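Undergrad: Below you will find the structure I want to go over with you.
Readers should treat all values here as calculations from the given coordinates under stated rules, not as data from a laboratory. Fair warning: this is a prediction, and the values are worked out from it, not measured in the lab. FYI the Cβ positions are ideal-geometry reconstructions off the backbone, even for glycines, and counts take in every protein chain you see.
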Amino acid sequence: MLVRVTMRHCNNAIFVLLLAAAALALPAQQAPTQAQAPSLTVDRDPVRSPDGEPPAPPPLTKQGGGYVLHTDVEEVLLNCTVLEGNRLVPDLKKENFQVTEDGVKQKLISFQHTDLPVSIAMVVDNSGSMARKRSSVNKSALDLIQASNPQDEAFVVNFTDEAFIDQDFTSDVAKLRDGLSHIESHGGTALYDAVVASADKLVTDAKRPKQVLILITDGEDNASTLNLEQTIRRVQQLSGPVIYSIGLLFGDEMSRSEVKHAHRALEMLSTETGGIAFFPKNIEQIDQIAAEVARDIRNQYTLGYHSTKPTTEPGFRRVQVTAEGKGQGKLIVRTRTGYFPVVHVSSHTVAPR
């Protein structure tokens, strides 16, 4: 917007004041309009990210015996699970790993293999079809929390066509149990919106730099404003969290086509972020899966490097991690497939419904 000020009979002082007022008016009139990101609701008040793009998390760096948060936006952190067949490999060193970004080898500057505390988003489908499954799901979710690091923190999101925080961040198992018990099974399944809003909250409010989202659902998305590809992109823009999906796709509630679509969506959400998708054949298998997820989270390697590309260069960077161990067979490394360089940070605001 061009602001024209014509001065014929005013003195210089008034001219300067008018120019200053015009300059102050410019930002407000030129501010772009941005679409609202998917929101969570706390105590029935929406918690929104005012920025249309998801925020970037502050990364980690090694300091002494552990990791601390810092503002070096050029450091890339990868949480990696290493498997030989189905067995976790717990004894690798920094020199056993190789990282490439867009085909270019990267130099590791930090390495950690300890049980780091984690911030967990427990995101549970609360739609009508979940009513008979929730008691078993809630028990398994609590078992997972209790099998995790005692210093972990978690929050509970129950979602239908809206997502509600029924327990904010806490390490208190009793409070998490109360949050999970808030069952109002009805409505549709806005799975993608719930994932993006929960991931945004993790990055904005979590105290632990390592972040995990555990998604439990029995159906495909039918109510979100975002699609699958947009959801994956937004989570990648956050540089996390790792998503573990548990798809309760057994039974006769869904058609074969719906099961296929739901299966693909959960696999993509998990694979692209470094997690894994589980598809139990019955409700009794959820406990075993919960224990496996807890074990996976507690036995990851954390690798850090400075990208050879400048942060100002836009676009998705594809990452590949390989590992070799003396006397071991073929090793499989599971980590996120890549990231978008993002350097801005946003925050949540609370507004009435």
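Undergrad: Highest first, please rank the peptides 119-126, 191-198, 136-143 by the mean number of other Cβ atoms sitting within 10 Å of their residues.
TA: 191-198, 119-126, 136-143
Undergrad: Can you list the HN-Hα couplings for segment 133-144, worked out from phi with the Karplus curve (6.51, -1.76, 1.60; θ = phi - 60°), rounded to whole Hz and with x for Gly and Pro?
TA: Coupling constants for segment 133-144: 9, 5, 4, 5, 4, 4, 4, 5, 4, 5, 4, 4 Hz.
Undergrad: Right, here's the next one. What does the charge count near G128 come to, summing +1 for each Lys or Arg and -1 for each Asp or Glu among other residues with Cβ under 13 Å from its Cβ?
TA: Residues close to G128 contribute a combined charge of -2.
Undergrad: Then there is this: Residue-wise, which Karplus ³J(HN,Hα) couplings in Hz belong to segment 83-91, taking 6.51 cos²θ - 1.76 cosθ + 1.60, θ = phi - 60°, and x for glycine or proline?
TA: 10, 10, x, 9, 9, 5, 9, x, 10
Undergrad: All other residues with a Cβ under 13 Å from the Cβ of E84 taken together, and with Lys, Arg as +1 and Asp, Glu as -1, what is their net charge?
TA: +2
Undergrad: Roughly how many nanometres apart are two label points built 7 Å out from the Cα toward the Cβ at A174 and K281?
TA: 4.0
Undergrad: Could you list I283, I232, I214, I332 so that the one with the fewest beta carbons within 10 Å of its beta carbon is first and the one with the most is last?
TA: I332, I283, I232, I214
Undergrad: Considering only segment 118-293, what is the antiparallel percent among its DSSP beta bridges, to the nearest 5?
TA: 20
Undergrad: Ranking F279, F97 by Cβ neighbours within 10 Å, fewest first, what do you get?
TA: Ranking F279, F97 by Cβ neighbours within 10 Å, fewest first, gives F279, F97.
Undergrad: What is the spin-label model distance, in nm, from I183 to E253 if the labels are put 7 Å beyond Cα along the C-beta direction?
TA: The two pseudo-label positions are separated by 1.1 nm.
Undergrad: A further question follows. Holding the Cα-Cα limit at 22 Å, pick out from K93/K309; K93/K330; K201/K260; K133/K201; K139/K175; K94/K210 the pairs that are longer than that.
TA: Listed pairs above 22 Å: K93/K309; K201/K260; K133/K201.
Undergrad: How far apart, in nanometres, would the label points at Q151 and R132 be if each is projected 7 angstrom from Cα along the Cα-to-Cβ direction?
TA: About 4.4 nm separates the two model spin labels.
Undergrad: List the residues, sorted by chain then number, that are 5 or more residues from F278 or on another chain and whose placed amide H is less than 5 Å from its amide H.
TA: Residues meeting the criterion, in which the H sits 1.01 Å from N, are S245, I246, G247.
Undergrad: Give me R256, R264, R87 ranked fewest to most by other Cβ atoms within 10 Å of their Cβ, as a rough exposure proxy.
TA: R256, R87, R264
Undergrad: Right, here's the next one. Rounded, prolate or oblate: pick one for segment 118-293, where a ≥ b ≥ c are the square roots of the eigenvalues of its C-alpha gyration tensor, a/c under 1.5 means rounded, and failing that, prolate if a/b is larger than b/c, else oblate.
TA: rounded
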